[in-house]
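One structure is given here, and the rest of the page talks about it.
Each reported figure results from applying straightforward, stated rules to the coordinates on display, with no laboratory input. Only a predicted model underlies this, so the values are computations on that prediction, with no experimental measurement involved. In this analysis, Cβ positions are derived from the backbone assuming ideal geometry, glycine residues included, and neighbour counts consider all displayed protein chains.
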Amino acid sequence: MMPRYWRVAAPALVLLAAACTPKPTPSAATPVPPPAAPSTAAADSAAAAAAAAARRDSLAAQARADSLARAALALSHADSVKTQVQGQSADTAPAATASGLSAADAATLADAIHFDYDRADVAAGDQARLDRKLAILAAHPRLAIQIAGNCDERGSTEYNLALGERRAAAAKRYLVAHGVAEGRIAIVSYGKEHPLDPGHDEGAWAKNRRDDFVVSRGAN
Amino acid sequence: MTGRLLLAALLLASPAAARAQDSLGPAPNGVRVGITYTPGTRPSVTVLPAPAALAVLDSVRAILRRDLDYSDRFEVVAAPSGATGQGGAPNYQALNALGTDFAVAVLPAVDASGAGQVEVQLHDVRTGTVRNRLTLHLPGGNGEAVRAAVHGAADDVVRWATGSAGIAATSILFVADGRLWRVDPDGAGVAMIPSAGRPTLSPAWSPDTRTIAYTAFVPSGRPLVIQDLATGSRQVVPGSEYGVNITPEFSPDGKQLAFAHGDENGTDIYLYDVARHCCVTRLTVGRYYDNLSPTWSPDGQRLAFISSRAGSPQLYVMSADGSGQEALAHFDFGSTGQTNGPEWSPDGQAVAFHREVGGVPQVFVLDLANRAVRQITGDGRNEDPSWAPDGRHLTFVSSRGGVRQLWIVDLETGRMRPLANTVGARLPAWSPRQSSAEAG
């Protein structure tokens, strides 16, 4: 008798193998390989290991279920990206409607933090802003957020996308280090594509070098 | 006092100074500024008037004449009166007397079996002979196809006269208003390419010009998309469903795609095996810094790229397996501005990039033989250079005309011209030469 999860996940595994396996998911926490180490090898062996584990007896049943669930999740995520790519959907962040928070908490959670030019470290003054978000996240364990990194108009389009990713990651690292579960925080970079202030001076630039915080799953 | 300063400013802004802006100005450390222009050393060419008042011949002549001009290999001169004799044949004596080196004749094809056939001849005026000729089959109806065919013929004429082909039968991708566009290097044929995501960023050509790759902004992420230009079909690069995925570049053999993938630990360069539709290999390992904008040497052996490992983003190089990473362009930490947007030249001799000078990006070219850095621009903001397949022209984004648009510079003569129909453009990518089937 085939366990239920195996029936669900087996086709996913086959499809994953046929697609020659994307890189490990961000949550897979694989060690950093040396330069030129094929990361697909890691993903391939992870998939193979999962398959091997699935063939063994029930001692590792829980681990098996977890890894298969991860594989299925990866696949469904890939499918949703493909759907968006084919459908040319607009780039809109999930709406923070009905977050289940008080207006004050919602404002505190959405309070942006700012960065120095070409820097991605959280300023000492902004740690307090993040600490106030920590309290809200702790009080509402179902709440999930997306952190969006943004840059000013200086610097290249492409470098700013990388810099924006680092800015979002810096805030996420701080929150995770202070106890928020990693899976509750997604990050995204807008580079210099979404300036808050369209001006061309330091006043505008300072406003645009920021992390925005958006509720992606409500507290209720 | 103020008045005197104003006067000085006015004197400095004389027409001569304005013209020379791109080759004057203080040079940053270790930088050789400017372009050497030696007029009068190029052969002259004229496009002869058509023998009959045929509209199609006139339009072919106009396109040819402009393509020859934009090749920057010739002094294009007007045909003198009496340049042609009976049936449109060139009068070598009259042309020679005016010092014309070459004459291009556009004639109805001799054995034209039907409409739409034209003969293009290149005459060597000095020797009084036809150096070469071709029959041009002009497709009926479609203006784009006609122009593509004439561009192909112009490139052949350039090759016959100078030994290397022109760049008229090419196409430039760019981003404007978050959408993807293409334009011919003469400013005609501008067209939107339906693409995934908005904005669409960092377009790149495959070597056979049949597919493109780009970054798509979609709600769930920044995946890389490979798109077939003819069918519009799309494929997401495996592994790019997560994080930020930018700056794709096909390898010269078209079998691999180098790109940068960023996640919570920083941005690194990977290779995707396009030929086998699988397998992603990691080339750099950064922790909380970025490696991006890989660009291939034409032999496929090396990649130049941008890294912020020493603080600000600068130009580095490595072998295509990720080994031997080292700084490529000299920089002084703290005084050299951010460097971005590198592109290796098609002849392998140089890498173009932009670097901030006093907070304003300017286009530079690194000569790989001696690692000397040459500043190409100095007027307004100038960024994201992309090489034409002839290795002497660059297109780049410039604000010099008061609006942001694409410009083209010929590094041999220093001639700069705005590229029409590109207002608001950024991130240009100049195609390789189109395959002969497409060029007609």
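If amide H atoms are built 1.01 Å from N in the plane of the peptide, which residues on other chains or at least 5 residues away come under 5 Å of the amide H of B:Leu283? Result for B:Leu283 returns A:Ala36, B:Ile269, B:Tyr270, B:Leu271. Its convex hull of Cα atoms gives segment A:143-220 a direction-averaged projected area, equal to a quarter of the hull surface, of 5.4 nm². Sequence-ordered 3J(HN,Hα) estimates for segment B:122-129 from the Karplus curve with 6.51, -1.76 and 1.60 and θ = phi - 60° stand at 10, 9, 8, 5, 4, 9, x, 10 Hz, glycine and proline given as x.
Ignoring aspartates and glutamates fewer than eight residues from B:Lys255 along the same chain, the ones with Cα atoms less than 18 angstrom from its Cα are B:Asp208, B:Asp228, B:Asp273, B:Asp299, B:Asp321.
Around the amide H of A:Arg119, modelled in the peptide plane, lies no amide H under 5 Å away from a residue 5 or more places distant or on another chain. With both labels modelled 7 Å from their Cα along Cα-to-Cβ, the B:Asp367 to B:His137 distance reads 4.6 nm.
Average partner chain C-beta neighbours within 10 Å, per residue of B:364-370? Intermediate values should be presented prior to the final figure.
Numbers: counts 0, 0, 0, 0, 0, 0, 0.
Taking all residues of B:364-370 together, the mean is 0.
Here the simple spin-label model places points 7 Å from the Cα toward Cβ, and for B:Gln235 and B:Val77 these points are separated by 5.4 nm. Reported to the nearest whole Å, the Cα centre-to-centre distance from segment B:262-283 to segment B:412-427 is 33.
Please compute, for peptide A:186-193, the average count of beta-carbon atoms on other protein chains lying within 10 Å of each residue's beta-carbon.
Details: counts 3, 5, 7, 8, 4, 7, 0, 5.
The shielding value for this peptide is 5.
In this simple spin-label model, placing a label point 7 Å from the Cα along the Cα-to-Cβ direction at both A:Arg142 and B:His277 gives a separation of 4.2 nm.
R0 = 56 Å: FRET efficiency of A:Ala128 with B:Thr41, Cβ-based, nearest 0.05? So the FRET efficiency works out to roughly 0.25.
Within 12 Å, Cβ to Cβ, of B:Leu292, how many net charges do the neighbouring residues add up to if Lys/Arg are +1 and Asp/Glu are -1?
On the way: positive: A:Arg166, B:Arg309; negative: A:Glu158, A:Glu165, B:Glu249, B:Asp268, B:Asp290.
Counting the neighbours of B:Leu292, the net charge comes to -3.
Between A:Ala135 and B:Asp253, what FRET efficiency follows from the Cβ-Cβ distance if R0 is 51 Å, with the result rounded to 0.05? Could the numbers behind the result be given before it?
Details: r = 56 Å, r/R0 = 1.10.
Plugging the Cβ-Cβ distance into 1/(1 + (r/R0)^6) gives 0.35.
Can you list which of the trypsin sites (Lys or Arg not before Pro) found in segment A:116-167 are DSSP loop residues with at most 16 other C-beta atoms within 10 Å? Passing both the DSSP loop test and the Cβ count: A:Arg119, A:Arg142.
Order these peptides, B:242-254, B:279-291, by their mean beta-carbon neighbour count within 10 angstrom, highest first. All intermediate terms of the calculation are to be shown ahead of the outcome.
Numbers: B:242-254: 23.3, B:279-291: 21.2.
Going from most to least packed, we get B:242-254, B:279-291.
In this structure, the amide hydrogen of B:Tyr288, modeled 1.01 Å from its nitrogen in the peptide plane, lies closer than 5 angstrom to those of B:Gly266, counting only residues at least 5 positions away or on a different chain.
Determine the calculated [θ] at 222 nm for chain B from helices alone, applying -39500 (n - 2.57) to every DSSP H run no shorter than 4 residues and normalising by the residue count; nearest 500 deg cm²/dmol.
Numbers: 6 runs with 62 residues, N = 440.
Taken over chain B, the calculation gives -4000 deg cm²/dmol.
Across segment B:302-315, coupling constants 3J(HN,Hα) worked out from phi with the 6.51/-1.76/1.60 Karplus curve, θ = phi - 60°, read 9, 10, 8, 7, 9, 9, 9, 4, 9, x, 7, x, 9, 8 Hz, and Gly and Pro carry x. Max-minus-min Cα coordinates of chain B on each principal axis give 75, 67, 37 Å, with the largest extent listed first.
Would you please name the trypsin sites (Lys or Arg not before Pro) within segment B:349-440 that are DSSP coil residues with at most 14 other C-beta atoms within 10 Å of their C-beta?
Working: sites: B:Arg355, B:Arg371, B:Arg374, B:Arg381, B:Arg392, B:Arg400, B:Arg404, B:Arg415, B:Arg426, B:Arg433; in loops: B:Arg371, B:Arg381, B:Arg392, B:Arg400, B:Arg404, B:Arg415, B:Arg433.
In loop regions of segment B:349-440 (DSSP not H, G, I, E or B), the sparsely surrounded trypsin sites (Lys or Arg not before Pro) are B:Arg371.
Using DSSP, restrict attention to beta bridges with both residues in segment A:103-217 and report what percent are antiparallel, rounded to the nearest 5. Each step should come with its number before you reach the end.
On the way: 8 of 14 bridges.
So the antiparallel bridges in segment A:103-217 amount to around 55 percent.
In loop segments of segment B:292-387 as defined by DSSP, the chymotrypsin sites (Phe, Trp or Tyr not before Pro) with at most 11 further C-beta atoms inside 10 Å of their C-beta are B:Phe333.
What list of ³J(HN,Hα) values in whole Hz, one per residue of segment B:240-257 in order, does the Karplus curve 6.51 cos²θ - 1.76 cosθ + 1.60 (θ = phi - 60°) give from phi, with Gly and Pro shown as x? Taking θ as phi minus 60°, the curve returns 8, 5, 10, x, 9, 10, 9, 6, x, 8, 5, 5, x, 8, x, 8, 10, 10 Hz for segment B:240-257. Averaged over peptide B:281-293, the number of partner chain Cβ atoms lying within 10 Å of each residue's Cβ comes to 5.
Taking the three principal axes of the alpha carbon atoms in segment B:121-198, the coordinate ranges are 57, 28, 15 Å, sorted in descending order. Residues of segment A:183-220 with an amide N closer than 19 Å to a point placed 7 Å from the Cα of A:Arg119 along the Cα-to-Cβ direction: A:202-212.
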